[in-house]
1. Which of the residues that make up the stretch 256-279 are open to solvent by 10 Å² or more (accessible area, probe 1.4 Å) and either without any contact (Cβ under 8 Å) to a residue 40 or more places away in the chain or of a type in the set (V, I, T) (or both)?
2. For the stretch 366-396, give me each residue that is farther than 28 Å from G142 by Cβ and surrounded by 16 or more Cβ atoms within 10 Å (Cβ to Cβ).
3. Considering L333, L323, which residue is within 22 Å of A388 (Cα to Cα), under 23 Å from the mean Cα position of the chain (by Cα), in contact (Cβ under 8 Å) with a residue 12 or more places away in the chain and not in a helix (DSSP H, G or I)?
4. Among the numbered criteria (1) open to solvent by 50 Å² or more (accessible area, probe 1.4 Å); (2) in contact with an Asp or Glu (Cβ under 8 Å, 6 or more places away or on another chain), which one does H213 miss?
5. Kindly indicate the residue of the stretch 91-122 that is of a type outside the set (F, W, Y) and more than 23 Å from V180 (Cα to Cα) and also most open to solvent (accessible area, probe 1.4 Å) among those meeting that condition.
6. All but one of (1) within 18 Å of S249 (Cβ to Cβ); (2) modelled with pLDDT of 95 or more; (3) open to solvent by 30 Å² or more (accessible area, probe 1.4 Å) hold for G205, so report the exception by its number.
7. Consider T293 against the criteria (1) in contact with a helix residue (DSSP H, G or I) (Cβ under 6 Å, 6 or more places away or on another chain); (2) closer than 22 Å to L92 by Cβ; (3) among the polar types (S, T, N, Q): it satisfies all of them except one. Which criterion is unmet?
8. Condition first: part of a loop (DSSP other than H, G, I, E, B), out of contact with any Phe, Trp or Tyr (no Cβ under 7 Å at 6 or more places or on another chain), closer than 25 Å to T377 by Cβ and open to solvent by less than 10 Å² (accessible area, probe 1.4 Å). Can you find one or more residues in the stretch 183-190 that meet it?
Amino acid sequence: MHAQHAPRPADPLDLVELDSLLTPDERAVRDAVRTFCDRRVEPHIADWFEQGAIEDIRGLTKELGELGLLGMHLEGYGCAGMSAVDYGLACLELEATDSGLRSLVSVQGSLAMYAIHAFGSEEQKEEWLPRLAAGTAIGCFGLTEPDSGSDPGSMRTAARRDGDDWVLDGRKMWITNGSVADVAVVWARTDDGVRGFVVPTDTPGFSAPAIKHKMSLRASVTSELVLDSVRLPGSAVLPEVRGLRGPLSCLNEARYGIAWGAMGAARSAFRTALAYAGDRVQFGRPISSFQLTQAKLTDMSVELAKGTLLAFHLGRIKDDRGLRPEQVSHGKLNNTRTALEICRTARTILGANGISLEYPVIRHANNLESILTYEGTVEMHTLMIGQALTGQAAFR
């Protein structure tokens, strides 16, 4: 028989002791990111959201680079070379502060940097990856178009050969970091299939007007990319990939981070609701003593634990042998839906205060409305899992 140890005291924020699954090094990564976010971003994030702009985004990006968070799961070229679980924990902490902050890091590392790291030439890697890892340069990723979202194969942006050069024409839409980026990874149709191009944003014919009037991801730069006869040297093409496999593999990297990040937003909302319910007195007692409120808090706690455990499990698989697309879809689909429901429930516990930016709940809920559909809508991830289950592609 095994000796019985006394159970640990209950932590209301981690009743099932998920923290015990982490190694000391993983806890150190998590704590470092949490400390940075608490010090550098939390005091300002509600104002940035309300203003629709991040104050000194270049300075913030450089600080994120100094912390080693940009492309942190990539090897070499100034990247930290950390594990998928380390990266996931960072995404969770970043999004517990704000989805826009996690989007900045995710697009930089999992989309722009990953594309160059996985498919770029040695010259492209050496030119861009160290600067992007350090945060002295900002990257963006141009795939979605005004009329091409879930069906990237219908993209209209095209690249044609002109002598030794390439000439790009087209539009990209809903591009995070676009207006502040130094380099864009742009996907375009060619006579040889879809190809990726490394486009310095100071190239003539390239512009990136900011998208305004957003009610979600307001503390994030979102832009249109306009490519008007953008002439690039032959060396600008990513040499190691052709077809949609390139951009879709990048999206799977970012979707993995979303599975973790969404649980950060959910944790923030749950923590806020739990504290508020204990402090808010009605009918002579805290509302946390009422059965209906306890039912809400219990459901939130259970779903938060399940989603975080799923993200952690996917991270261990990714580190061990890599993830299949439908496994990433499981995490992205479940955890974004779960996080949004947790935020909506937290909003009801806070009552009218739930819509105030004095609390983070409505900000997270608004952000998650974007997270729910970007990098794969609920419908597309549902059908990707459905195809894995049945062998039938319902969307083709």
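The values are calculated or read from the model by the stated rules, or taken from the named source; none is laboratory data. Note that the structure is predicted; figures quoted are calculated from it, not measured. No Cβ is skipped: glycine too gets one built from the backbone with ideal geometry, and neighbour counts run over all protein chains shown. Calculation scope for accessible area: heavy atoms of the full protein, side chains included, ligands and nucleic acids excluded. Shrake-Rupley method; radii C 1.70, N 1.55, O 1.52, S 1.80 Å.
1. Answer for the stretch 256-279, where residues must be open to solvent by 10 Å² or more (accessible area, probe 1.4 Å) and either without any contact (Cβ under 8 Å) to a residue 40 or more places away in the chain or of a type in the set (V, I, T) (or both): T272, A275, G278, D279.
2. Across the stretch 366-396, the qualifying residue is only G386.
3. Numbers: L333 fails: not in a helix (DSSP H, G or I).
Residue meeting the stated conditions: L323.
4. That leaves (2) as the condition not met.
5. Initially, the stretch 91-122 is screened for residues of a type outside the set (F, W, Y), giving 91-113, 115-118, 120-122.
Narrowing the set further to residues that are more than 23 Å from V180 (Cα to Cα) leaves 92-93, 96, 118, 121-122.
Working: L92: 15, E93: 6, A96: 9, A118: 40, S121: 25, E122: 83 Å².
The selected residue is E122.
6. (1)
7. The failed condition is (2).
8. First pass over the stretch 183-190, keeping only residues part of a loop (DSSP other than H, G, I, E, B): none.
Among the residues of the stretch 183-190, not one is part of a loop (DSSP other than H, G, I, E, B), out of contact with any Phe, Trp or Tyr (no Cβ under 7 Å at 6 or more places or on another chain), closer than 25 Å to T377 by Cβ and open to solvent by less than 10 Å² (accessible area, probe 1.4 Å), which makes the answer no.
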